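Notes to accompany the following structure.
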Amino acid sequence: MSVSKDRKLNLAVLGLSLTHPYAFAPYLEERGHKITHVWDTDKDKAAEFAKEHNSEAMETPEEAIGQVDAVINSSIISDHPRLATPYLKAGIAVFADKFLSPKLSETEEMVAVAKESGAVLMAASAIRFLPEFLELARIARTGEKGKPLAAFGNVHHSLSGYLQGLGMWQDNVEQCGGSLMNMGIHAMDPLLDAFGPDVVAVACTKSKRVYPQAQSEDQSAILMKYPDGLIAGINVICGVSGGKYTLDLVTTETEIHAAPGPEPKNLYGPMLDAFVEGVYSGEWPIPAEQLIASVRVLQAARTAAETGCWVTL
């Protein structure tokens, strides 16, 4: 369902498990939109966020149905289906942070519910929408700089903050797919934008090199094969102290490197702009097939890492 561009959006935030909504809200408010409702399992945390943004802290996550145009679902990822589905059934647009669910079956069900009700559904890494990555994907799709041969993404992120306390869910396989999925999405998303969802086989290896106490892994390497022979890869390195997101494309004619530039100042801005435009137009910013493929391929990578074998899709 679309919303008239004649007015700004009213949005609900479901879950404050990430730092992201604290950056999302000011960006959206600067553009005239309003966070009208917020919910989190930690009522004090929700009340504090509500006070800062002049919004209502909800007792239950469904209270904003019928009162908002769209939802920012920034909860623990495994809670996305439970929290988002009532809004999707009501035809309300939902943005789910990173990906829809660690489980493929739940991902497919969320897509099916959204399609049936006419709700816009989006899940994404902010990296996908940065200008440098959009341009690399465009070049790959058009072939204007030669036939793509291979592409490799690198995601560097510290795991240290997820080894204790409230952040531990971001290292938990059941809650977020472990670092392989939780961080791997930052390269998977732009790769799917460039080459599409039709991955035919996946291999993966993982290890704990820096943090033996980690629940999942502090580094992993994924290989993906496409039906036309193109090879894509992802390195997820979580034993480092800083962050880095890059994508390299090799074609028959040249090499292209993408990394976040100095603009935009808010890393999440282009992604949020895409969601807002989707709410207004009623068009999904990312094709449903890619939303499903991001989970299908990353889940297959986890299976491949456990078995030591290629997984055929």
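Values as computed for the structure displayed
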quantity	calculated
Qualifying positions in region 1-10 - aliphatic (A, V, I, L, M) and open to solvent by 10 Å² or more (accessible area, probe 1.4 Å)	M1, V3
Residues of region 24-35 that turn out to be open to solvent by 30 Å² or more (accessible area, probe 1.4 Å) and either within 21 Å of the chain's Cα centre (by Cα) or of a type outside the set (D, E, K, R) (or both), as a count	2
Pairs where the first residue, in region 143-161, is without any contact (Cβ under 8 Å) to a residue 12 or more places away in the chain and the second is part of a helix (DSSP H, G or I) and not hydroxyl-bearing (S, T, Y), C-beta under 9 Å, 6+ apart	E144/R138; G161/G167; G161/Q170
Elements of type helices (runs of 4 or more DSSP H) contained in region 98-211, each with 2 or more residues being open to solvent by 20 Å² or more (accessible area, probe 1.4 Å) and of a type in the set (D, E)	104-117, 131-142
Residue among V13, V38, V71 that alone is free of Cβ contacts under 8 Å to residues at least 40 places away in the same chain, open to solvent by less than 20 Å² (accessible area, probe 1.4 Å) and assigned to a strand (DSSP E or B)	V38
Scope region 54-66; condition surrounded by 13 or more Cβ atoms within 10 Å (Cβ to Cβ), closer than 30 Å to E283 by Cβ and more than 24 Å from the chain's Cα centre (by Cα); matching residues	S55, E56, M58, E63
Enumeration of residues in region 247-267 that are under 27 Å from P26 (Cβ atoms) and surrounded by fewer than 21 Cβ atoms within 10 Å (Cβ to Cβ)	A259, P260, G261, P262, E263, P264, K265, N266, L267
Counted residues, region 163-200 - those being among the aromatic types (F, W, Y) and closer than 28 Å to D248 by Cα	1
Residue in region 276-283 that is open to solvent by 10 Å² or more (accessible area, probe 1.4 Å), in a strand (DSSP E or B) and either among the acidic types (D, E) or under 26 Å from L121 (Cα atoms) (or both) present	no
Every residue from region 74-90 that is open to solvent by 10 Å² or more (accessible area, probe 1.4 Å) and assigned to a loop (DSSP other than H, G, I, E, B)	I76, A90
Unique residue being touching a Phe, Trp or Tyr at 6+ places or on another chain (Cβ under 9 Å), among the basic types (K, R) and open to solvent by 70 Å² or more (accessible area, probe 1.4 Å) when the list is K225, K244	K225
Residue check for L298: crowded, with 16+ Cβ neighbours inside 10 Å and in a helix (DSSP H, G or I)	yes
Check on A47, out of contact with any strand residue (DSSP E or B) (no Cβ under 6 Å at 6 or more places or on another chain), of a type in the set (A, V, I, L, M, F, W, C), part of a helix (DSSP H, G or I) and open to solvent by 10 Å² or more (accessible area, probe 1.4 Å)	no
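The values are calculated or read from the model by the stated rules, or taken from the named source; none is laboratory data. Everything quoted here is computed from the prediction, not taken from an experiment. With ideal geometry, Cβ positions are generated from the backbone for all residues, glycine too; neighbour counts draw on all protein chains shown. Heads up: the accessible areas ignore ligands, DNA and RNA and are worked out on the full protein's heavy atoms, side chains in. Shrake-Rupley method; radii C 1.70, N 1.55, O 1.52, S 1.80 Å.
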